[in-house]
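Scroll down for the structure; my scribbles are underneath it.
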Amino acid sequence: MNRVLRYCFFLVVVRPLVLIVLGINIRHRERLPMAGPAIIVANHNSHLDTLALMTLFPQRLLESLRPVAAADYFLSRKGLAWFATQIIGIIPLSRKLHHSGGDPLKGCHEALDRGDILIIFPEGSRGEPEHLAAFKTGIAHLAERHPQTPVIPVFLHGLGKALPKGESLLVPFFCDIFVGAKLAWPGARQEFMAALDGAIRSLATEGKLPDWE
Amino acid sequence: MILITLAPAVLWTLASIFGVLVIASLAVAWLARRKPGGHGELVLRVKSWWLMVSLFSLALVFSRGAALALFGLISFLALKEYLSLIPTRRADRRVLFWAYLAIPVQFLWVFMEWYGMFIIFVPVYMFLGLAFRMVVGGVTQGFLRAAGMLHWGLMVTLFSLSHVAYLLALPAEGNPPAGGPGLLLFLVVATEANDVFQYLWGRGLGRHRVMPSVSPNKTWEGLIGGVSTTILLAALLSVWLTPFSWPHALAAGLIIGLGGFCGDVTISAVKRDLGVKDSGSLLPGHGGILDRVDSLAFTAPLFFHFTYYFYY
């Protein structure tokens, strides 16, 4: 039941919203993986980021698209938790330190083993819209455990203008999506983080982005 | 189906456009076969033409409401493209929302055939209202620049383009052969054909640049050849689609030819100022929607008022 609901929600609400109300200018679409397992890593400005990234994939891959999202935020209320896990299909991630001893990335490992496509925002929060914050290193742990899985960096711009943190009114803007070349596992977490950071920063310079102050 | 209410001349013209598209597709396929890989952009461009012509014909044939909805959508896409390209202020987010709301309202005036409101709503009420709404936001730094840029965009993408739609609201008596739809088709076909003619003449014979600092591909040969061909086409089409006398038909062709050129180079200047090559990527082979309707934004009000003055 929820699977059908999820399929229809993306077909009838999300796709028209992202493709007509907002609109996408994408560069290097061919670099997106058309099968899992894969990890899409993007900067984070808005709730719309997840929906825009999911729209880049054909509807038949919807089942395997899994955005990773903060458990403390999305599981805080019952209705929101149902919507986030059943309709959007998130993998909840605890942002607190793992005091219980369990691996907080367990859900992500399982999904990748199943061949899913993970969508991760390593900034950890939407933060100040259209500003790039430092990446958290959880992504490096994930990449280390799955060195064969392609990691694709993506730079997003514009959605932070359309629906920034703390705003409820959506104002249409085209969003730019620049897809980077897949990153190979370099052998060490620190090198990986440097490569990822460099990749997203260099993607950000590919387009001419208008000022927004 | 309201198909029957369209004059036969309008339907024949639509059919002829599809005929031209078939010929263009065959020609491009032949070119692509002779020199493989060299005409990718041209192939995409013709494909996008198929999509645009099909949508346009369907809306026109279906009903007046559908045609207005399509033009409203085009204004929305063009305004969105413009607002995404220009620098905007964070404080103006909600002001931009009001600017978007002006689109359905303006097309409502067209639907109601309320000419007086249609002609002043954007240049008077939105001009004053949006500026004041920006002041309510309380941020004065960059106010004049933001208010000016927003109004310029709204004038081009909404006010000017909605003149195309208002042709449908004109009383049928003014144009016995084909009514409002005939005038609309005349304007759109002549404007788009003029773009193509200027491009082809420029590609074939272009030597002397008109405005090298704005649009290096525009040449005197392209301009003169294009405008002359557009005048010929206008004279031909006017017989079936318009109430124009011969001198008026030639004048309409001249207005559309020159107006189209002006619109094209003006939007080129905007893009150059903003540092982009295309306004977007919505129409493969053409660029964005602004790249396609740039000339129409200038020809529509010019042609509309020419016709309105002499025939309504």
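Picking from B:S25, B:S75, which residue would you name as being within 14 Å of chain A (Cβ to nearest Cβ), in a helix (DSSP H, G or I) and either over 21 Å from B:I267 (Cβ atoms) or at pLDDT 95 or above (or both)? Quick ask: steps written out before the conclusion?
Values: B:S25 fails: within 14 Å of chain A (Cβ to nearest Cβ).
The match here is B:S75.
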Of all strands (runs of 3 or more DSSP E) fully inside region A:15-107, the set with 1 or more residues that are under 19 Å from A:K182 (Cα atoms), open to solvent by 20 Å² or more (accessible area, probe 1.4 Å) and touching a residue at least 12 places away in the same chain (Cβ under 8 Å) is A:24-27, A:65-70
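Being small (G, A, S) and closer than 15 Å to B:A9 by Cα is the filter; apply it to region B:144-200 and report the residue that is most open to solvent (accessible area, probe 1.4 Å).
Quick first cut of region B:144-200, residues small (G, A, S) only: B:146-148, B:153, B:160, B:162, B:165, B:169, B:172, B:174, B:178-180, B:182, B:190, B:193.
If we keep only those that are closer than 15 Å to B:A9 by Cα too, we end up with B:172, B:178-180, B:182.
Values: B:A172: 62, B:A178: 8, B:G179: 9, B:G180: 3, B:G182: 0 Å².
Top of the filtered list is B:A172.
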Restricting region B:242-289 to residues that are over 30 Å from B:A172 (Cβ atoms) and of a type in the set (S, T, N, Q), the one farthest from the other protein chains (Cβ to nearest Cβ) turns out to be B:T266
Log entry, pairs with first residue in region B:254-270 being assigned by TED's automatic domain parsing to the domain that holds B:L233, second being basic (K, R) and at pLDDT 95 or above, beta carbons closer than 8 Å, six or more apart or on different chains, reads none
By residue number, the members of region B:201-218 that are open to solvent by 30 Å² or more (accessible area, probe 1.4 Å) and part of a helix (DSSP H, G or I) are B:W201, B:R203, B:G204, B:L205
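Could you pull out the residue among B:V135, B:V105 that is surrounded by 14 or more Cβ atoms within 10 Å (Cβ to Cβ), more than 14 Å from every other protein chain (Cβ to nearest Cβ), under 24 Å from A:S168 (Cβ atoms) and of a type in the set (V, I, T)? Talk me through it step by step, then tell me what you get.
Numbers: B:V135 fails: surrounded by 14 or more Cβ atoms within 10 Å (Cβ to Cβ).
Of B:V135, B:V105, the one residue that is surrounded by 14 or more Cβ atoms within 10 Å (Cβ to Cβ), more than 14 Å from every other protein chain (Cβ to nearest Cβ), under 24 Å from A:S168 (Cβ atoms) and of a type in the set (V, I, T) is B:V105.
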Result of the Cβ filter at 7 Å on region A:166-178, keeping first residues that are facing another protein chain (nearest Cβ under 8 Å) and partners that are among the acidic types (D, E) and buried (at least 22 other Cβ atoms within 10 Å of the Cβ), at least 6 apart or interchain, is A:F174/B:E81
The lone condition A:E128 fails out of (1) charged (D, E, K, R); (2) open to solvent by 10 Å² or more (accessible area, probe 1.4 Å); (3) within 23 Å of A:R29 (Cβ to Cβ) is (3)
Given (1) out of contact with any Pro (no Cβ under 9 Å at 6 or more places or on another chain); (2) at positive phi, B:G142 misses just (1)
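If you go through region A:178-206 one residue at a time, how many are in a loop (DSSP other than H, G, I, E, B) and within 18 Å of A:L53 (Cα to Cα)? Can you show your working first?
Filtering region A:178-206 for residues in a loop (DSSP other than H, G, I, E, B) gives A:180-182, A:184-188, A:205-206.
Okay, now just the ones that are also within 18 Å of A:L53 (Cα to Cα), so A:180-182.
Looking only at that region, the number is 3.
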Result of the Cβ filter at 6 Å on region B:201-215, keeping first residues that are within 20 Å of B:T230 (Cβ to Cβ) and partners that are open to solvent by 90 Å² or more (accessible area, probe 1.4 Å), at least 6 apart or interchain, is B:H208/B:W220; B:V210/B:W220
Per the list (1) within 19 Å of the chain's Cα centre (by Cα); (2) at pLDDT 95 or above, residue check on B:L232 breaks on (1)
Checking B:F71, B:F111 in turn, the sole residue that is surrounded by fewer than 22 Cβ atoms within 10 Å (Cβ to Cβ), touching a residue at least 40 places away in the same chain (Cβ under 8 Å) and among the hydrophobic types (A, V, I, L, M, F, W, C) turns out to be B:F111
Conditions (1) more than 30 Å from A:G207 (Cα to Cα); (2) open to solvent by less than 10 Å² (accessible area, probe 1.4 Å); (3) not acidic (D, E) -> B:A78 fails only (1)
Taking region B:78-90 and keeping only residues that are part of a helix (DSSP H, G or I) and facing chain A (nearest Cβ under 8 Å), one is left with B:K80, B:E81, B:L83, B:S84, B:L85, B:R90
In region B:231-240, anything open to solvent by less than 10 Å² (accessible area, probe 1.4 Å) and more than 16 Å from B:S16 (Cβ to Cβ) is listed as none
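Could you list, in sequence order, all residues of region B:241-263 that are part of a helix (DSSP H, G or I) and open to solvent by 30 Å² or more (accessible area, probe 1.4 Å)? Let's see the steps before the verdict.
Within region B:241-263, the first condition is being part of a helix (DSSP H, G or I), and the residues that meet it are B:241, B:246-263.
Correct list: B:W246, B:P247, B:H248, B:L250, B:A251, B:L254, B:I255, B:L258, B:C262.
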By residue number, the members of region A:1-14 that are farther than 27 Å from A:G207 by Cβ and either open to solvent by less than 50 Å² (accessible area, probe 1.4 Å) or within 14 Å of chain B (Cβ to nearest Cβ) (or both) are A:N2, A:R6
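Test B:S16 against the stated conditions and say whether it is open to solvent by less than 30 Å² (accessible area, probe 1.4 Å), within 30 Å of B:A67 (Cβ to Cβ) and under 23 Å from the mean Cα position of the chain (by Cα).
Details: open to solvent by less than 30 Å² (accessible area, probe 1.4 Å): no; within 30 Å of B:A67 (Cβ to Cβ): yes; under 23 Å from the mean Cα position of the chain (by Cα): yes.
Here the answer is no, as B:S16 does not meet what is asked.
B:F56 - would you say it is within 9 Å of chain A (Cβ to nearest Cβ), part of a helix (DSSP H, G or I) and out of contact with any Cys (no Cβ under 9 Å at 6 or more places or on another chain)?
Details: within 9 Å of chain A (Cβ to nearest Cβ): no; part of a helix (DSSP H, G or I): yes; out of contact with any Cys (no Cβ under 9 Å at 6 or more places or on another chain): yes.
No: the conditions fail for B:F56.
The values are calculated or read from the model by the stated rules, or taken from the named source; none is laboratory data. The shown structure was predicted, so the numbers you read here are calculated from the model rather than taken from an experiment. Don't worry about glycine lacking a Cβ; one is built from the backbone with ideal geometry, like all the others, and counts go over all protein chains shown. Calculation scope for accessible area: heavy atoms of the full protein, side chains included, ligands and nucleic acids excluded. Shrake-Rupley method; radii C 1.70, N 1.55, O 1.52, S 1.80 Å.
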